[in-house]
Amino acid sequence: MQKRSCILLIVVSVMLYACPLMTPAPHYHTYSPINNSEINEVEVFCTPRVKVYHMFYHKDSKIEVCSKVFEDQSCTTIEKDTFFDKVKYTKTIRINDGRFHRLFVNDTLSIRINDSSKIHLFIPVD
């Protein structure tokens, strides 16, 4: 009986401390503009199940973002917030880490500001 419980304890310990079960560290990804854009870059703060898109833009604007990464693959308006003296726009999505990284490498992010006809395109750089 003791031998079984010892083996079970070892198996459970190995499973709990195995690499695939550990949470990866939070990190950033960056989109850079393809053409000359008013926006320098869009960053994604990446955690295992939540991704936060954020960018700084100097005006109080309505910003619409389109990406393959979003669940419905459509455009969505991102929320405005203030960060010290700058205006920051953010969009939080819940997506599995593996699915996000597969979609991210082939993604083209498009941004429309104030319903204009001009679309700013961004590609992932890291």
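The numbered conditions (1) part of a strand (DSSP E or B); (2) among the small types (Gly, Ala, Ser); (3) modelled with pLDDT under 90 are all true for SER5 except (1). Scanning the range 23-34 for residues that are surrounded by 10 or more Cβ atoms within 10 Å (Cβ to Cβ) and at pLDDT below 75 turns up just one, PRO24. Of the strands (runs of 3 or more DSSP E) lying entirely inside the range 35-121, those containing at least 3 residues that are surrounded by 14 or more Cβ atoms within 10 Å (Cβ to Cβ) span 42-46, 50-56, 63-66, 86-94, 109-113. Only one of the numbered conditions (1) at pLDDT 90 or above; (2) closer than 21 Å to VAL105 by Cβ is not met by TYR89, and that is (2).
Taking the conditions (1) at pLDDT 90 or above; (2) on the phi > 0 side of the Ramachandran plot in turn, GLN73 satisfies each one other than (1).
In the range 50-64, the residues that are hydrophobic (A, V, I, L, M, F, W, C) reach residues that are in a loop (DSSP other than H, G, I, E, B) with C-beta atoms within less than 6 angstrom, at least six apart or across chains, in these pairs: MET55/ILE39; ILE63/ILE78. Pairs are defined by a Cβ separation below 6 Å, a sequence spacing of at least 6 or placement on different chains, a first member in the range 97-126 that is charged (D, E, K, R), and a second member that is at pLDDT 90 or above and exposed (fewer than 15 other Cβ atoms within 10 Å of the Cβ); the pairs so defined are ARG112/ILE119; ASP126/THR30.
The values are calculated or read from the model by the stated rules, or taken from the named source; none is laboratory data. None of the values given here were measured: they were computed from a predicted structure. A quick note on method: Cβ atoms are made from the backbone with ideal geometry, for glycine too, and the neighbour counts reach across all protein chains shown.
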